[in-house]
Every structure is written in C-alpha cells, then in structure tokens.
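A single structure is presented below for examination.
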Amino acid sequence: MFDYDQPKEKGPVDYTGLKIGGLLAPVFFLITFLSNADMGLAACIVLGMVMLAIKLRWHLRKHLWFWAVIGFILALHIPLVLIVRWPQGNVPTLFYTMPLGIADFLIILGAVRLAEQFFLKGPSPTDEDE
C-alpha cells in the first residue's frame, strides 16, 4: 500500500571545500602581506579553481601527463596573477570574481579533458580482431 524506500547509508563527509579553503587562506594572507590584496585574490581564485579541477579529475592522478597539464596551466596563470589588477571601488568583489573564476574553472576542465582524449586513446577496432 505504501512505498517506503529503505534509508540510504550515509557515506563519510567530504571535506574538500574546507581543505581547499584552509590551504588558500595562508596563501592569501602571505601574498597580501608581501604585495597587495588584489594579487592575493587573483592567486586564490586561480589556485582554488585548479584545486577543484584536480579534485574532480582525481582518477587521472596516476598519469604523468595529467600533472604536466596542471603544471602548464599553472604556468599560464602566473602572468594573470602578476599583471591583472582587479577593479577597486564600490563594486562587490563577488560580482566580478565569480564569473572569472567559473570561466577559469571551465577552461581548466576543458584543457584536462582535451589532454585526456589525446593521451587515453582506446584500442582501435582493428586491434580487437587479432
């Protein structure tokens, strides 16, 4: 008469966001102390998006090409952190950093997916016949 679903077992809690935030907070304060808050914000956005992309593609961690792509992406972001100055004034920080962070995240995931398609080719159909 009544359809009751069995309660699902709860898995362990994923503290990835807390870990990323814990790693980025000292980076922000160090860069703010050494340079300025704009550069600290840019570095935290870049590092946070790279860490999130690594978390989502963690199953590729055993491949050397994965870490090479991540290193290349980080090297491309160095000029972004050093050159780009975020606008100052009455504009809320979230208003302009959120779209840039999302775009950066999607570009990073796209680069990793492109590398994955290039490096992880499946066996060709002619190889299966032999």
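Using the count of nearby Cβ atoms within 10 Å as a rough guide to exposure, how do 80, 41 rank from fewest to most?
Result, fewest neighbours first: 80, 41.
What does the convex hull of the Cα atoms come to per residue for region 1-84, in Å³?
Looking at region 1-84, the number lands at 157 Å³ per residue.
Can you compute the modelled spin-label distance between residue 30 and residue 83, with each label point 7 Å from Cα toward Cβ, in nm?
The two pseudo-label positions are separated by 2.5 nm.
Extension gain residue 109-residue 64, at 0.36 nm per residue separation less the Cα-Cα distance, in nm?
Computed gain between residue 109 and residue 64 is 14.5 nm.
Could I ask something else about it? Would any residue of region 104-120 have its amide N under 16 Å from a label point 7 Å out along Cα→Cβ of residue 72? List them or say none.
107-120
Starting from the Cα-Cα distance between residue 98 and residue 55, subtract it from 0.36 nm times their residue separation and give me the gain in nm to one decimal.
Here the segment from residue 98 to residue 55 would lengthen by 13.6 nm.
Every number in this text was worked out from the coordinates using simple rules, so none of it is lab data. A quick note: this is a predicted structure, and the numbers were derived from the prediction, not measured. All Cβ positions, glycine included, derive from the backbone under ideal geometry; neighbour counts span all protein chains shown.
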